[in-house]
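See structure below.
The values are calculated or read from the model by the stated rules, or taken from the named source; none is laboratory data. Not measured: the values here are computed from a predicted model. Cβ: placed from backbone, ideal geometry, glycine included. Neighbour counts: every protein chain shown.
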Amino acid sequence: MVLRDRDCTMNSPIVHGNKPALIYGQNICIQPSVPGREDTPHMRKHYLGHLDPLESYTTFFVLFSGGKDSVASVLNLLETGVPRSKIVLIHHDIDGGSERKMDWPATKAYCIAFADAFDLEIRFSFREGGFWGEVYRYGSKKPVQFQDADGSMRRIEPVAWQRSQELKMLMDSAEREDDLELFKQYDEELRSYGYRFQFPAKGANLQTRYCSGVLKIEVGSVAIAHQVDTKENCKIMVVSGERRGESTNRSKYNMMELHRTHAPQRRKRIVHHYRNVIDFSEKDIWEVLKRNRVVPHPCYVVGWGRASCACCIFSSPSHFAGIKEILPSYYENIRLAEIELNFTLDNKKSIDEFVGSAKSCVDHNEQKAIHQLLTGEIGPEDILLDHVEEWKYPSGAFRSGVGGPC
Ligand code: SF4
(Lines give C-alpha, C1' and ligand atoms only; values in the text may rest on other atoms or scores of the structure.)
Protein backbone atom coordinates (compact mmCIF):
# COMPACT_ATOMS: atom_id res chain seq x y z
CA MET A 1 0.00 0.00 0.00
CA VAL A 2 1.36 3.40 -1.00
CA LEU A 3 1.24 6.17 1.58
CA ARG A 4 0.63 9.31 -0.44
CA ASP A 5 2.72 12.31 0.56
CA ARG A 6 -0.39 14.37 1.16
CA ASP A 7 -1.51 11.83 3.79
CA CYS A 8 1.92 11.42 5.40
CA THR A 9 2.66 13.15 8.69
CA MET A 10 5.31 13.21 11.38
CA ASN A 11 3.27 10.49 13.14
CA SER A 12 3.10 8.07 10.21
CA PRO A 13 4.85 4.74 10.91
CA ILE A 14 8.36 4.10 9.56
CA VAL A 15 7.98 1.23 7.11
CA HIS A 16 10.98 1.26 4.72
CA GLY A 17 13.16 3.91 6.39
CA ASN A 18 14.97 1.68 8.88
CA LYS A 19 18.63 0.89 8.34
CA PRO A 20 18.96 -1.68 5.53
CA ALA A 21 21.03 -4.86 5.69
CA LEU A 22 24.62 -4.75 4.42
CA ILE A 23 24.02 -6.66 1.20
CA TYR A 24 26.98 -5.47 -0.89
CA GLY A 25 29.37 -8.39 -1.41
CA GLN A 26 26.79 -10.97 -0.29
CA ASN A 27 25.89 -12.24 -3.79
CA ILE A 28 22.27 -11.12 -3.34
CA CYS A 29 20.05 -10.28 -6.32
CA ILE A 30 17.52 -7.56 -5.47
CA GLN A 31 13.96 -8.45 -6.47
CA PRO A 32 11.38 -5.72 -7.24
CA SER A 33 8.78 -5.02 -4.55
CA VAL A 34 6.15 -4.91 -7.33
CA PRO A 35 6.77 -6.95 -10.51
CA GLY A 36 7.99 -4.80 -13.42
CA ARG A 37 5.39 -3.62 -15.92
CA GLU A 38 5.13 -5.27 -19.32
CA ASP A 39 1.87 -3.72 -20.48
CA THR A 40 3.18 -1.64 -23.41
CA PRO A 41 5.90 -2.22 -26.04
CA HIS A 42 7.98 0.51 -24.30
CA MET A 43 7.67 -1.19 -20.89
CA ARG A 44 8.45 -4.61 -22.37
CA LYS A 45 11.58 -3.18 -24.00
CA HIS A 46 12.83 -1.83 -20.65
CA TYR A 47 11.69 -4.75 -18.48
CA LEU A 48 14.20 -6.02 -15.94
CA GLY A 49 13.21 -8.92 -13.66
CA HIS A 50 15.79 -8.28 -10.92
CA LEU A 51 19.07 -6.53 -10.18
CA ASP A 52 22.32 -8.45 -10.14
CA PRO A 53 24.35 -8.45 -6.90
CA LEU A 54 25.43 -4.88 -6.12
CA GLU A 55 29.11 -5.83 -6.18
CA SER A 56 28.83 -6.80 -9.87
CA TYR A 57 28.30 -3.14 -10.96
CA THR A 58 31.37 -1.06 -11.75
CA THR A 59 29.87 2.40 -11.15
CA PHE A 60 26.73 3.74 -9.47
CA PHE A 61 25.64 7.01 -11.09
CA VAL A 62 23.18 8.69 -8.73
CA LEU A 63 20.97 11.37 -10.29
CA PHE A 64 21.43 13.88 -7.52
CA SER A 65 19.21 16.98 -7.38
CA GLY A 66 20.16 17.86 -3.81
CA GLY A 67 16.56 17.26 -2.72
CA LYS A 68 15.76 14.98 0.23
CA ASP A 69 14.86 11.95 -1.93
CA SER A 70 18.15 11.96 -3.83
CA VAL A 71 20.02 12.46 -0.54
CA ALA A 72 18.20 9.42 0.94
CA SER A 73 18.96 7.49 -2.23
CA VAL A 74 22.72 8.04 -1.77
CA LEU A 75 22.59 7.29 1.96
CA ASN A 76 20.70 4.06 1.26
CA LEU A 77 23.43 2.92 -1.15
CA LEU A 78 26.11 3.69 1.45
CA GLU A 79 24.15 1.86 4.16
CA THR A 80 23.88 -1.24 2.00
CA GLY A 81 27.68 -1.21 1.78
CA VAL A 82 28.36 0.18 -1.71
CA PRO A 83 31.93 1.59 -1.58
CA ARG A 84 32.19 5.38 -1.89
CA SER A 85 34.74 4.95 -4.67
CA LYS A 86 32.06 3.37 -6.90
CA ILE A 87 29.47 6.14 -6.39
CA VAL A 88 29.35 9.18 -8.68
CA LEU A 89 26.74 11.90 -8.12
CA ILE A 90 25.43 13.53 -11.29
CA HIS A 91 23.73 16.89 -10.90
CA HIS A 92 21.86 18.63 -13.74
CA ASP A 93 22.07 22.41 -13.51
CA ILE A 94 18.65 23.61 -14.65
CA ASP A 95 19.93 27.12 -15.43
CA GLY A 96 22.65 25.97 -17.85
CA GLY A 97 24.91 28.94 -17.15
CA SER A 98 22.27 31.48 -18.25
CA GLU A 99 21.93 34.92 -16.66
CA ARG A 100 18.20 34.51 -16.04
CA LYS A 101 17.71 31.99 -13.24
CA MET A 102 15.06 29.47 -12.29
CA ASP A 103 16.85 27.42 -9.63
CA TRP A 104 17.97 28.24 -6.10
CA PRO A 105 21.32 30.01 -5.74
CA ALA A 106 22.08 27.37 -3.06
CA THR A 107 21.46 24.16 -4.99
CA LYS A 108 24.82 23.65 -6.65
CA ALA A 109 26.65 24.67 -3.46
CA TYR A 110 24.58 22.23 -1.39
CA CYS A 111 25.35 19.39 -3.84
CA ILE A 112 29.09 20.12 -3.72
CA ALA A 113 29.07 20.40 0.07
CA PHE A 114 27.15 17.11 0.41
CA ALA A 115 29.61 15.31 -1.90
CA ASP A 116 32.53 16.75 0.10
CA ALA A 117 31.01 15.79 3.44
CA PHE A 118 30.60 12.16 2.30
CA ASP A 119 33.79 12.05 0.26
CA LEU A 120 31.92 11.29 -2.97
CA GLU A 121 32.67 12.32 -6.53
CA ILE A 122 30.21 14.73 -8.16
CA ARG A 123 29.89 15.66 -11.84
CA PHE A 124 27.74 18.38 -13.38
CA SER A 125 25.78 18.57 -16.59
CA PHE A 126 23.41 21.05 -18.23
CA ARG A 127 21.70 22.08 -21.43
CA GLU A 128 23.11 25.38 -22.64
CA GLY A 129 20.69 28.24 -22.06
CA GLY A 130 18.91 26.33 -19.30
CA PHE A 131 15.21 26.73 -18.53
CA TRP A 132 14.81 30.17 -20.03
CA GLY A 133 16.72 29.22 -23.18
CA GLU A 134 14.19 26.43 -23.70
CA VAL A 135 11.19 28.70 -23.04
CA TYR A 136 12.45 31.02 -25.80
CA ARG A 137 13.63 28.24 -28.09
CA TYR A 138 13.63 28.99 -31.82
CA GLY A 139 15.26 26.18 -33.81
CA SER A 140 17.11 23.11 -32.59
CA LYS A 141 17.54 22.11 -28.96
CA LYS A 142 20.75 23.54 -27.54
CA PRO A 143 23.90 21.45 -26.91
CA VAL A 144 24.39 19.48 -23.69
CA GLN A 145 27.54 19.93 -21.63
CA PHE A 146 28.69 17.44 -19.03
CA GLN A 147 31.68 16.82 -16.84
CA ASP A 148 33.66 13.72 -17.64
CA ALA A 149 35.62 11.41 -15.34
CA ASP A 150 38.77 13.54 -15.70
CA GLY A 151 36.84 16.68 -14.64
CA SER A 152 36.85 18.30 -18.10
CA MET A 153 33.62 19.55 -19.68
CA ARG A 154 32.44 17.91 -22.90
CA ARG A 155 29.85 19.29 -25.30
CA ILE A 156 27.42 17.28 -27.44
CA GLU A 157 25.54 19.13 -30.18
CA PRO A 158 22.09 17.92 -31.31
CA VAL A 159 21.85 16.84 -34.98
CA ALA A 160 20.12 20.03 -36.19
CA TRP A 161 22.21 22.46 -34.11
CA GLN A 162 24.70 23.54 -36.80
CA ARG A 163 21.97 23.92 -39.41
CA SER A 164 19.90 26.02 -36.97
CA GLN A 165 22.83 28.35 -36.37
CA GLU A 166 23.40 28.64 -40.11
CA LEU A 167 19.71 29.43 -40.71
CA LYS A 168 19.77 32.24 -38.14
CA MET A 169 22.68 33.86 -40.01
CA LEU A 170 20.93 33.39 -43.36
CA MET A 171 17.79 35.02 -41.95
CA ASP A 172 19.83 38.01 -40.81
CA SER A 173 21.29 38.51 -44.26
CA ALA A 174 17.88 37.97 -45.97
CA GLU A 175 16.47 40.64 -43.64
CA ARG A 176 19.31 43.01 -44.48
CA GLU A 177 18.67 42.46 -48.18
CA ASP A 178 14.92 42.84 -47.68
CA ASP A 179 14.27 39.41 -49.24
CA LEU A 180 11.01 38.50 -47.53
CA GLU A 181 10.45 35.25 -49.46
CA LEU A 182 13.83 33.85 -48.51
CA PHE A 183 13.39 35.04 -44.92
CA LYS A 184 10.07 33.16 -44.67
CA GLN A 185 11.62 30.02 -46.15
CA TYR A 186 14.46 30.02 -43.58
CA ASP A 187 12.06 30.84 -40.76
CA GLU A 188 9.85 27.87 -41.71
CA GLU A 189 12.80 25.49 -41.72
CA LEU A 190 14.10 26.85 -38.41
CA ARG A 191 10.68 26.41 -36.78
CA SER A 192 10.56 22.81 -38.01
CA TYR A 193 13.49 22.12 -35.63
CA GLY A 194 11.60 23.60 -32.70
CA TYR A 195 9.70 26.66 -31.58
CA ARG A 196 8.39 27.23 -28.07
CA PHE A 197 7.80 30.77 -26.83
CA GLN A 198 5.59 29.38 -24.09
CA PHE A 199 6.01 27.98 -20.59
CA PRO A 200 5.95 24.22 -19.94
CA ALA A 201 2.44 22.91 -19.29
CA LYS A 202 1.46 21.83 -15.80
CA GLY A 203 0.74 18.17 -16.45
CA ALA A 204 2.16 14.65 -16.52
CA ASN A 205 2.86 14.59 -20.29
CA LEU A 206 6.61 15.17 -20.76
CA GLN A 207 6.09 16.44 -24.31
CA THR A 208 4.21 19.49 -23.07
CA ARG A 209 5.84 19.68 -19.63
CA TYR A 210 9.06 19.88 -21.56
CA CYS A 211 11.30 21.22 -18.77
CA SER A 212 11.69 17.83 -17.04
CA GLY A 213 12.36 15.96 -20.29
CA VAL A 214 14.65 18.41 -22.06
CA LEU A 215 16.57 19.81 -19.08
CA LYS A 216 16.82 16.75 -16.88
CA ILE A 217 15.99 13.35 -18.41
CA GLU A 218 17.64 13.92 -21.80
CA VAL A 219 20.63 15.71 -20.24
CA GLY A 220 21.09 12.76 -17.88
CA SER A 221 21.00 10.26 -20.72
CA VAL A 222 23.51 12.21 -22.84
CA ALA A 223 25.81 12.66 -19.84
CA ILE A 224 25.67 9.00 -18.83
CA ALA A 225 25.96 7.55 -22.35
CA HIS A 226 29.05 9.67 -23.15
CA GLN A 227 30.99 9.38 -19.89
CA VAL A 228 34.40 7.86 -20.45
CA ASP A 229 33.57 5.21 -17.87
CA THR A 230 30.43 4.09 -19.76
CA LYS A 231 31.93 3.84 -23.23
CA GLU A 232 32.25 0.07 -23.61
CA ASN A 233 32.46 -3.13 -21.62
CA CYS A 234 31.02 -1.76 -18.43
CA LYS A 235 28.19 -2.53 -16.07
CA ILE A 236 26.54 0.55 -14.67
CA MET A 237 23.75 1.20 -12.23
CA VAL A 238 21.84 4.47 -12.55
CA VAL A 239 20.10 5.29 -9.27
CA SER A 240 17.35 7.86 -8.83
CA GLY A 241 15.05 8.89 -6.00
CA GLU A 242 11.51 8.93 -7.40
CA ARG A 243 8.86 7.66 -4.97
CA ARG A 244 5.41 6.16 -5.50
CA GLY A 245 3.89 8.43 -2.83
CA GLU A 246 4.70 11.58 -4.82
CA SER A 247 2.02 11.24 -7.50
CA THR A 248 -0.31 8.84 -9.30
CA ASN A 249 2.08 8.85 -12.23
CA ARG A 250 5.08 7.88 -10.11
CA SER A 251 3.09 5.23 -8.23
CA LYS A 252 3.28 3.20 -11.47
CA TYR A 253 7.06 3.49 -11.94
CA ASN A 254 9.17 0.35 -11.92
CA MET A 255 11.61 -0.16 -9.08
CA MET A 256 14.14 -1.44 -11.62
CA GLU A 257 14.38 -1.46 -15.40
CA LEU A 258 16.85 -1.26 -18.26
CA HIS A 259 18.08 2.32 -18.56
CA ARG A 260 17.61 4.15 -21.88
CA THR A 261 21.43 4.10 -22.36
CA HIS A 262 21.58 0.27 -22.03
CA ALA A 263 23.43 -0.99 -25.14
CA PRO A 264 24.58 -4.59 -24.55
CA GLN A 265 25.14 -5.54 -28.20
CA ARG A 266 26.58 -2.44 -29.83
CA ARG A 267 28.66 -1.15 -26.93
CA LYS A 268 28.74 -4.09 -24.58
CA ARG A 269 27.39 -1.57 -22.08
CA ILE A 270 24.97 -2.81 -19.44
CA VAL A 271 23.00 -0.05 -17.72
CA HIS A 272 20.39 -0.90 -15.10
CA HIS A 273 18.18 1.74 -13.49
CA TYR A 274 17.33 1.30 -9.81
CA ARG A 275 14.84 3.47 -7.90
CA ASN A 276 16.02 2.40 -4.49
CA VAL A 277 13.63 4.53 -2.40
CA ILE A 278 10.55 4.09 -4.58
CA ASP A 279 8.48 2.55 -1.77
CA PHE A 280 9.59 5.03 0.89
CA SER A 281 7.02 7.43 2.35
CA GLU A 282 8.08 10.98 3.09
CA LYS A 283 8.43 9.94 6.75
CA ASP A 284 10.77 7.10 5.69
CA ILE A 285 12.92 9.56 3.75
CA TRP A 286 13.27 11.96 6.67
CA GLU A 287 14.14 8.99 8.89
CA VAL A 288 17.15 8.20 6.66
CA LEU A 289 18.37 11.81 6.88
CA LYS A 290 17.74 11.89 10.63
CA ARG A 291 19.68 8.64 11.26
CA ASN A 292 22.62 9.98 9.27
CA ARG A 293 22.32 13.44 10.90
CA VAL A 294 22.12 15.14 7.51
CA VAL A 295 20.87 18.72 7.27
CA PRO A 296 18.61 19.01 4.20
CA HIS A 297 18.81 21.64 1.44
CA PRO A 298 18.06 25.03 3.05
CA CYS A 299 14.85 25.46 1.02
CA TYR A 300 13.21 22.81 3.27
CA VAL A 301 14.39 24.65 6.38
CA VAL A 302 12.96 27.91 5.03
CA GLY A 303 9.55 26.34 4.29
CA TRP A 304 9.48 24.63 0.91
CA GLY A 305 8.17 21.04 0.77
CA ARG A 306 10.28 20.10 -2.25
CA ALA A 307 13.68 21.11 -3.52
CA SER A 308 12.55 21.40 -7.12
CA CYS A 309 13.40 24.50 -9.21
CA ALA A 310 12.88 27.59 -7.02
CA CYS A 311 10.20 28.80 -9.45
CA CYS A 312 8.83 25.35 -10.31
CA ILE A 313 5.76 25.64 -12.53
CA PHE A 314 3.85 23.51 -10.00
CA SER A 315 4.54 25.84 -7.07
CA SER A 316 1.57 26.88 -4.96
CA PRO A 317 0.53 30.54 -4.51
CA SER A 318 2.23 30.62 -1.09
CA HIS A 319 5.49 29.35 -2.63
CA PHE A 320 5.38 32.03 -5.33
CA ALA A 321 4.57 34.58 -2.61
CA GLY A 322 7.76 33.33 -0.92
CA ILE A 323 9.76 33.77 -4.15
CA LYS A 324 8.35 37.28 -4.57
CA GLU A 325 9.56 38.05 -1.07
CA ILE A 326 13.08 36.57 -1.08
CA LEU A 327 13.98 36.34 -4.79
CA PRO A 328 12.04 39.26 -6.33
CA SER A 329 14.14 39.28 -9.52
CA TYR A 330 13.11 35.64 -10.23
CA TYR A 331 9.44 36.57 -9.75
CA GLU A 332 9.86 39.60 -11.99
CA ASN A 333 11.42 37.44 -14.74
CA ILE A 334 8.23 35.38 -14.84
CA ARG A 335 5.91 38.38 -14.69
CA LEU A 336 7.71 40.12 -17.57
CA ALA A 337 7.99 36.94 -19.65
CA GLU A 338 4.23 36.40 -19.32
CA ILE A 339 3.69 39.83 -20.86
CA GLU A 340 6.30 39.32 -23.59
CA LEU A 341 5.11 35.82 -24.52
CA ASN A 342 1.43 36.62 -24.01
CA PHE A 343 1.34 33.27 -22.24
CA THR A 344 0.85 32.61 -18.53
CA LEU A 345 2.79 30.17 -16.38
CA ASP A 346 -0.44 28.98 -14.82
CA ASN A 347 -3.05 27.45 -17.12
CA LYS A 348 -5.50 30.31 -16.55
CA LYS A 349 -4.10 33.13 -14.43
CA SER A 350 -1.20 35.55 -14.58
CA ILE A 351 1.43 35.07 -11.86
CA ASP A 352 0.09 38.11 -9.96
CA GLU A 353 -3.49 36.78 -10.07
CA PHE A 354 -2.30 33.28 -9.14
CA VAL A 355 -0.47 34.53 -6.04
CA GLY A 356 -3.27 36.93 -5.07
CA SER A 357 -3.14 37.54 -1.31
CA ALA A 358 -1.44 34.22 -0.48
CA LYS A 359 0.82 34.27 2.56
CA SER A 360 4.52 33.68 1.90
CA CYS A 361 5.70 30.21 2.96
CA VAL A 362 9.00 31.65 4.29
CA ASP A 363 9.79 30.80 7.92
CA HIS A 364 11.39 34.01 9.16
CA ASN A 365 12.84 32.27 12.22
CA GLU A 366 15.34 30.54 9.93
CA GLN A 367 17.62 33.45 9.09
CA LYS A 368 20.76 31.30 8.65
CA ALA A 369 19.01 29.02 6.15
CA ILE A 370 17.50 32.01 4.30
CA HIS A 371 21.02 33.43 3.98
CA GLN A 372 22.37 30.08 2.70
CA LEU A 373 19.49 29.72 0.26
CA LEU A 374 20.08 33.13 -1.28
CA THR A 375 23.88 33.21 -1.27
CA GLY A 376 24.90 29.56 -1.71
CA GLU A 377 27.28 29.96 1.22
CA ILE A 378 27.20 26.31 2.29
CA GLY A 379 30.22 24.19 3.14
CA PRO A 380 30.72 20.53 4.03
CA GLU A 381 30.62 21.55 7.71
CA ASP A 382 26.96 22.60 7.20
CA ILE A 383 25.84 19.17 5.97
CA LEU A 384 26.32 17.01 9.06
CA LEU A 385 25.04 17.99 12.51
CA ASP A 386 27.52 17.65 15.32
CA HIS A 387 26.60 15.23 18.07
CA VAL A 388 25.20 17.74 20.53
CA GLU A 389 22.71 19.26 18.13
CA GLU A 390 19.24 17.78 17.87
CA TRP A 391 18.06 16.82 14.36
CA LYS A 392 14.70 18.51 13.71
CA TYR A 393 12.17 18.27 10.91
CA PRO A 394 12.54 21.33 8.69
CA SER A 395 9.61 23.76 8.31
CA GLY A 396 8.85 22.37 4.84
CA ALA A 397 8.58 18.72 5.99
CA PHE A 398 5.26 17.04 5.24
CA ARG A 399 4.25 19.77 2.81
CA SER A 400 5.35 17.69 -0.18
CA GLY A 401 1.86 17.50 -1.59
CA VAL A 402 2.51 20.99 -2.93
CA GLY A 403 5.26 21.59 -5.49
CA GLY A 404 6.89 20.14 -8.55
CA PRO A 405 7.20 16.54 -9.60
CA CYS A 406 10.90 16.42 -10.40
S1 SF4 B 1 11.18 21.21 -10.94
FE2 SF4 B 1 9.33 22.03 -11.93
S3 SF4 B 1 10.04 23.69 -13.29
FE4 SF4 B 1 11.85 22.47 -12.69
S5 SF4 B 1 12.10 21.00 -14.35
FE6 SF4 B 1 10.83 19.99 -12.79
S7 SF4 B 1 8.66 20.44 -13.35
FE8 SF4 B 1 10.01 21.82 -14.51
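Overview of results
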read-out	value
Evaluation of A358 against (1) without any contact (Cβ under 8 Å) to a residue 12 or more places away in the chain; (2) assigned to a loop (DSSP other than H, G, I, E, B) (one fails), failing number	(1)
Scope region 1-17; condition in contact (Cβ under 8 Å) with a residue 12 or more places away in the chain and surrounded by 11 or more Cβ atoms within 10 Å (Cβ to Cβ); matching residues	V2, L3, R4, D5, R6, C8, T9, S12, I14, V15, H16, G17
Count of region 240-294 residues which are outside any helix (DSSP H, G or I), basic (K, R) and out of contact with any Cys (no Cβ under 6 Å at 6 or more places or on another chain)	8
Answer from S140, S173 - the residue that is away from the ligand (no atom under 16 Å from the Cβ), at pLDDT 95 or above and within 27 Å of N333 (Cα to Cα)	S140
Failed condition for G356, given (1) at positive phi; (2) crowded, with 22+ Cβ neighbours inside 10 Å; (3) of a type outside the set (A, V, I, L, M)	(2)
Residue match in region 246-260 (condition: of a type in the set (K, R) and modelled with pLDDT of 95 or more)	no
Single residue of region 319-333 satisfying the filter (surrounded by fewer than 22 Cβ atoms within 10 Å (Cβ to Cβ) and within 16 Å of the ligand (Cβ to nearest atom)) that is farthest from I383 (Cα to Cα)	N333
Residue that is of a type in the set (D, E) and within 16 Å of the ligand (Cβ to nearest atom), where the choices are E218, E166, E232	E218
D116 over 24 Å from C312 (Cβ atoms) and at pLDDT below 95	no
Yes/no for H297 being modelled with pLDDT of 95 or more and either under 30 Å from T344 (Cβ atoms) or within 16 Å of the ligand (Cβ to nearest atom) (or both)	yes
Near pairs, Cβ below 9 angstrom, 6+ apart or cross-chain, from region 18-38 (closer than 17 Å to T80 by Cα) to any residue that is of a type in the set (K, R)	N18/R291; K19/R291
Selection within region 227-260 - touching a strand residue (DSSP E or B) at 6+ places or on another chain (Cβ under 6 Å), within 18 Å of F124 (Cα to Cα) and not hydrophobic (A, V, I, L, M, F, W, C)	D229, T230, S240
Count of residues meeting criterion [within 8 Å of the ligand (Cβ to nearest atom) and within 15 Å of I351 (Cα to Cα)] in region 300-314	4
